[in-house]
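Step one of this worksheet: look at the structure below.
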Amino acid sequence: MQSDDVSLKRLSVTPLKRAKSNRFNASTLQRLNAFALYEVLLGITIFALGVIALGHAVENCLNASTINAEEGVVRQILSNRMAEIQATKSVPDDSKEFEVDTNYGGIKVVQKATAAELTEPDNTLLNGIYLVTLTAQWQQGGVPQSKRVQFYVYRPG
């Protein structure tokens, strides 16, 4: 028990003092509340502007994704038609148009083929080589769009 008394004596315990009371009058209290209200309004305004900016960014991303997917479909259509022309053994049609229906609307494909009229360095005309042009035309948001691919096809004859 003595050890407890000794340890208590070694500790210097001082009584707690009361803090001075802050006395505010009504006008000071209203100013502090008004300041807090302005802080809250400013915070809400900044948050709202951030949400609006984020909404615009998401909308732009969705639009870009849709445009990219639509152009991917057009590239695939042109690639498929080019493979068909290269795989056939006959001379490509001089002019041909057809419509392809997709999830993004109709895509008009125009095919034109002309003799390439290429020559050797000694001015010998190379026969049987055709320049084929495929053009895809479609509407994207009311604005006309187009993509074109040109390639050569050799058909001996």
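No lab work stands behind these numbers, since they all come straight from the coordinates. These numbers were taken from a predicted model, which means no experiment stands behind them. Don't worry about glycine lacking a Cβ; one is built from the backbone with ideal geometry, like all the others, and counts go over all protein chains shown.
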Label-point separation in nm, residue 95 to residue 137, each point 7 Å along Cα→Cβ: 1.2 nm
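Given the Cα-Cα distance of residue 49 and residue 65 and 0.36 nm per residue of separation, how much length would full extension add, in nm?
Numbers: separation 16, 0.36 × 16 = 5.76 nm, distance 2.44 nm.
That works out to 3.3 nm of additional length.
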